[in-house]
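Since every read-out is calculated from the coordinates, none of them should be taken as a lab result. What you see is a predicted model; the values in this text were computed from it and never measured. All Cβ positions, glycine included, derive from the backbone under ideal geometry; neighbour counts span all protein chains shown.
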Amino acid sequence: AVLGGQLNKQIAHGLGISEATVKAHMTAIMRKLGVRNRTQAALVARSLGLDLQH
């Protein structure tokens, strides 16, 4: 979803959760990865070999 450029609202709708929940999870992920935006998070995740398609 993030790699596809989806907005929080689109991700939330697809997962059946609130937009606030998506935002909270994205904020936590970016904090743990030590990055400032989704692009950086995707690059770090890819470099770690994480499956970003699911």
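Give the label of the value calculated from the structure for Cα extents along the principal axes in Å, choosing from (1) 79, 9, 5; (2) 38, 27, 19; (3) 29, 21, 14.
Here Cα extents along the principal axes in Å agrees with entry (3).
Kindly rank 37-46, 15-24 from highest to lowest mean number of other beta carbons found within 10 Å of each residue.
Per-residue mean Cβ counts within 10 Å order the peptides as 37-46, 15-24.
Per DSSP helix of 4 or more residues, -39500 (n - 2.57); summed, then divided by the residues of the chain. What does that give at 222 nm, rounded to the nearest 500?
Working: 3 runs with 33 residues, N = 54.
Taken over the chain, the calculation gives -18500 deg cm²/dmol.
With each label point set 7 Å from Cα along the Cα-Cβ vector, what nm distance links LYS23 and ASN37?
Distance between label points: 1.9 nm.
For ILE11, what is the net charge nearby, where nearby means another residue's Cβ is under 13 Å from its Cβ and Lys, Arg count +1, Asp, Glu -1?
It works out to a net charge of +2.
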